[in-house]
Amino acid sequence: MTKHFDRHRIFRLVALVALLGTTALGADDPTSAVYGPGEACLGGVGGVFLLAEPGELSIEVFKRDRNRRGSPAELRAILAGPDRCVVQEAVIPDDGQPRGSGWGPTQTTRLTTRVERKGVYVLNVTVSQDRYGEEMVWGFATNWPRYVIETARGHKDERHQEPIVLQGSDTPLDICFLPRKASLAIDVSGLAAATKKLELFDADDTRLQEIEVTADKTASCTIGADVPRDRSPWRLRLPSRQGTIQIDGSTRWDDTDLYPDRACWTTDPTAHFPLLDCSWMLQPCSRTVYAAAGERTETAFRAYNNSGRPQTLRLSIEFPGAAWPIEISPGEVRLRPKQSAEITVRATAGNDNRARICHLRVTPVDRPEFTTFATLEIRTGAAPASQPLPLPLALQPYQHENEQFGYLPDYPLDNQLYFDPQNRPVAVVPGGVAVTQDGRWTTMPLRTADQATADGQPTSYRPSDSKIAFDAGGGMYTLARAGAQTALLHSTDRGRTWTACPLPSREGLSFSFDIEQYSGHNEASAPGDETRPSPPPFIRTALTARDPKVFWRRVNDLELFVPKIVAGRLVVGEPILLSRNCIGVSSHSGIVSSVVSRGDKVHVVWGEATDPAEKVPGVPTYVITYDRSAGKLGTPALVGYGAPANDVHNSPSIVMDSRGYLHALAGTHGRPFQYARSLQPNDAGGGWTEAEPVGEALSQTYIGLVCGPDDTLHLVYRLWHSGEPPFPASHYAALTYQRKRPGQAWEAPRALVLPPFSEYSVYYHRLTIDRQGRLFLSYDYWSTFWFYRNDRGPRSRSVLTSADGGTTWSLAGSQDLEMR
């Protein structure tokens, strides 16, 4: 084993001398870069993790443009510490060569830092106008020998794969990867013309297979699950740095894989360290807490075992300066595979108005050579999050709401907030519904005693939707599932007890739901008596067809349910068919309002799929009124088109104002929303204004819409920008707000949140309104880049609030959720 490692280290040094030149390897330079690929040869984007010891750390980054397109390929390299504090950032610009000129010259930049304490540093690599890394190649060389590469492009709307793409020199290269336990296949294509064979070695340097290269320059092999493997990497030997490599469990995954979506590998067995087993060991990586001078604080972190076996994690405190009193509990935690546990840090804010900083070190007991840390900073004074904020909030890499503004609420962040008729906040959480009791949040499980299991236990449901609805009397409703059965759940005591009404099933179909939630002036009440409670209506879409030729085209049956309380029991009733051609409901962002009601009248908005051969300006948007007392369905009213046609993103939304007029927005995918208002109150069949865009040339998607107490319409959505700061070389998506005061035109868009990275992003935003008309915007920034998402680990939402009708915004604190 030692001879094998020595032989490859000597080979690597010789190769790097040839690639980098002897000047980069000066013996007097502690940052001399001698480890890594040493040239621009890697396709895709992603980054590098480095397990660094105290001392100087240097990374030289290389880029070479292909110049196949006219758009600028600007590489952004970010070096961050174990607590993901960014220590240096650099840009390698486009090489300026004309389109079609072929490979350009190699450009470089160097990032350096002083490592004060051992931990996992990260190099994050993205490229403008090229989220898949197809228009350039990159590489690195570092002075630190322990590194793991993660190939991680931007997302695609298809099965996630991260092939290792090599487009470099004729120098040999090893691909070192952890073999999955199950049988695995290796497929390589695009090999150099001179390549005759590849070789696969196990961790003991035993050759497992010699892989012949076919005439079309491809090579494949399969290794059975019976071949012994451990936690050390195997090595695929390539005679040259050209080819596309796919490895089961490493670049493509199935449900049995231990580390899905993590394409981690290295170029030398000695460089490997157990990154995947130890990912997210302590989250978050940093936490900023604000407190009054001398105030006792309690901060929660979470320890996590990402490995496939039990792990014991040991925790300790380190100080960058003088020590100060602090407690961490527990100091050691034993975790099953994929299990987590809360870690509590108790400390006292300083009395001298100076921040107190400490580092929380976490180390696996059975792998003490791997260790890293998170950082806790306690500042005195009020957090900026508690004050109105200058907009937009400009998120920075690894520096989001907590790091910049001290945002650290005590309310749940799993989903958006809703407010009952007494203005008490509630939210759907993984274990049920969270409510406030005596000033504290409590999770109410979704258990129904009226539907006992075979052993006499209450039936447990899990949320199937993030919405919560209320009737006029404060009854709470949500949709949930027990096994394959979906039911409407009802509670009259704020979630302490629940009754369930199962929905009629339709075998073999995939369903989506949207229940009427409070959006400003609607309330579920009984027909003919707006003061008497009635269950909220809801819709169900049943997917009946997909179109392989039109990717986003879906065809659904659209059904309306109008529940009732009969003899004290909840009855859902039979579904009312509204359409056989509904495009569906896209609710991950915007979380549109499909249903509003008042008294006898229930109004539903939807978009329809059309024949792809038919030339239409977009998804046709319809509104229909159902009269509950008469049991009569009106005629659908076409109120506008949401471009482009046959796109499930284009879900429309509807709200009602204080006078009962209906306001509808046709959803779009990168086009201006189309707005129309009913000519008669509480009636979709009395005519509509002509649809008009909410603004010119706006690239809008994902409607979030509510109506304020003064009948102002409040709209939040994703808006694309191109060639503008903060990313003038590319495009980006901002979380954006608009409003329309009664009788006035739509105001100009206002950006609320800017992303830390260019290219594609989404915010999973959800706009709600409380009973006093305050706006609450829950969102979660999601970057297209897998590397950034994977590294950050579990995400959490943030909530912006506005108490003055959208003029000023702040990050919602606990005081903002108190009843008024």
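The values are calculated or read from the model by the stated rules, or taken from the named source; none is laboratory data. Here the structure is a predicted model, which is why all the values come from computation and not from measurement. Using ideal geometry, Cβ is built from the backbone for each residue, glycine included, and neighbour counts are taken over all protein chains shown. The accessibility values were calculated without ligands, DNA or RNA, using every heavy atom of the protein model including side chains. Shrake-Rupley method; radii C 1.70, N 1.55, O 1.52, S 1.80 Å.
When nucleic acids and ligands are ignored and a 1.4 Å probe is applied, C85 ends up with an accessible area of around 70 Å².
Roll a 1.4 angstrom probe over the protein heavy atoms and tell me the percent of accessible area of the chain that is carbon or sulfur.
On the way: 15480 of 31840 Å².
That fraction is 49 percent.
In the structure displayed, which of K156/K217; K156/K196; K197/K549 lie more than 30 Å apart, Cα to Cα? Flagged as over cut-off: K156/K196; K197/K549. Considering the range 400-484 at the alpha-carbon level, its Rg and Dmax are found to be 15.3, 52 Å. For R231 and Y411, a Förster radius of 41 Å and the Cβ-Cβ distance give a FRET efficiency of 0.50, rounded to the nearest 0.05. With protein chains left intact and a 1.4 Å probe, residues in the range 100-162 average 35 Å² of accessible area per residue.
Starting from the Cα gyration tensor of the range 90-245, take the square roots of the eigenvalues, sort them a ≥ b ≥ c, and report rounded, prolate or oblate (rounded when a/c is under 1.5, otherwise prolate if a/b is larger than b/c, else oblate). Kindly include the intermediate steps, with their values, before the conclusion.
On the way: a/c = 1.84, a/b = 1.29, b/c = 1.43.
It is oblate, given that a/c is not under 1.5 and a/b is not larger than b/c.
Enclosing the Cα atoms of the range 562-652 in their convex hull gives a volume equal to 115 cubic angstrom per residue.
Determine the per residue accessible area of the range 776-820 with all protein chains present and a 1.4 angstrom probe, expressed in square angstrom. Working shown, then result.
Details: 1500 Å² over 45 residues.
With all protein chains present, the range 776-820 gives 33 Å² per residue.
Find the centroid of the Cα atoms in the range 44-114 and in the range 296-333, then give the distance between the two in whole Å. Taking the Cα centre of each part, the range 44-114 and the range 296-333 sit 33 Å apart. The translational diffusion coefficient of the range 654-707, from Stokes-Einstein at 4 °C and 1.567 mPa s with a Kirkwood hydrodynamic radius over alpha carbon pairs, comes to 111 µm²/s.
For the range 347-496, count all C-alpha to C-alpha pairs, find those more than 27 Å apart, and express that count as a whole percent of the total.
49 percent
Residues K601, K467 ordered from highest to lowest accessible area at a 1.4 Å probe: K601, K467.
Taking a straight line from the alpha carbon of K615, these aspartates and glutamates sit under 19 Å away, with near neighbours fewer than eight places off in the same chain left out: D547, D647.
Packing-wise, with mean Cβ within 10 Å as the measure, how do 760-767, 240-247, 480-487, 114-121 rank, highest first? If you can, show how the numbers build up before the last one.
Working: 760-767: 23.5, 240-247: 20.9, 480-487: 16.4, 114-121: 18.1.
Highest to lowest by the protection proxy: 760-767, 240-247, 114-121, 480-487.
Compute the Rg/Rh shape ratio of the range 35-154: radius of gyration over Kirkwood radius, all on alpha-carbon atoms. So for the range 35-154, dividing Rg by the Kirkwood Rh gives 0.99. Given R₀ = 56 Å, what would the calculated FRET efficiency be for L638 paired with R302, taking r from the Cβ atoms and rounding to 0.05? The pair L638/R302 has a calculated efficiency of 0.65. With the convex hull constructed from alpha-carbon coordinates only, the range 206-295 shows a mean projected area of 10.5 nm² over all directions. For the chain, the longest principal axis of the alpha carbon atoms and the long axis of helix 2-20 meet at an angle near 80°.
Can you tell me the FRET efficiency between A449 and E724 if r is taken as the Cβ-Cβ distance and R0 is 56 Å, rounded to the nearest 0.05?
Working: r = 57 Å, r/R0 = 1.02.
After rounding, the FRET efficiency stands at 0.45.
For the range 312-364, the orientation-averaged shadow of the C-alpha convex hull comes to 4.1 nm² (one quarter of the hull surface).
Would you mind computing the Rg to Rh ratio of the range 233-371 from its alpha-carbon coordinates, Kirkwood style for Rh?
On the way: Rg = 19.6 Å, Rh = 17.8 Å.
Value, to two decimals: 1.10.
The simple spin-label model puts a point 7 Å past each Cα toward its Cβ; for E318 and A630 those points are separated by 7.5 nm.
Ligands, DNA and RNA are left out, and with a 1.4 angstrom probe the accessible area of the range 314-433 is 43 Å² per residue. In this structure K196 has an accessible area near 140 Å², from a 1.4 Å probe over the protein heavy atoms.
log₁₀ I(q)/I(0) of the range 30-99 at q = 0.20 Å⁻¹, via Debye over equal Cα point scatterers, no solvent, to two decimals? For the requested q values the scattering log ratios are -0.99. For the range 139-162, the residues whose backbone nitrogen is under 19 Å from a point 7 Å from the Cα of D255, taken along Cα to Cβ, are 158-161.
Gyration tensor over the Cα atoms of the range 725-800: the corresponding equivalent ellipsoid has semi-axes (square roots of 5 times the eigenvalues, largest first) of 27, 18, 7 Å.
Using equal-weight Cα scatterers in the Debye expression, the normalised intensity of the range 502-642 in log10 at q = 0.13, 0.16 Å⁻¹ is -0.59, -0.87.
Using protein chains only and a probe of 1.4 angstrom, how many square angstrom of L413 are accessible, to the nearest 10? Looks like 40 Å² after rounding.
Taking only the C-alpha atoms of the range 682-820, the Rg (one decimal) and the largest Cα-Cα distance, Dmax (whole number), read 16.7, 54 Å. Sorting the segments 717-725, 468-476 by their residues' average number of neighbouring beta-carbon atoms within 10 angstrom, most packed first, yields 468-476, 717-725.
Relative contact order of the chain: what whole-number percent is it, with Cα pairs under 8 angstrom and at least 6 residues apart? Don't skip to the answer; put the middle values down first.
Details: 2257 pairs, mean separation 71.2, N = 820.
Over the chain, the number comes to 9 percent.
Available extension along the chain between R159 and A545 is 137.0 nm, counting 0.36 nm per residue and deducting the alpha carbon span. What's log10 of I(q)/I(0) for the chain at q = 0.07, 0.09 Å⁻¹, Debye sum over Cα points only, no solvent? Ignoring solvent entirely, the Cα scatterers give -0.60, -0.98.
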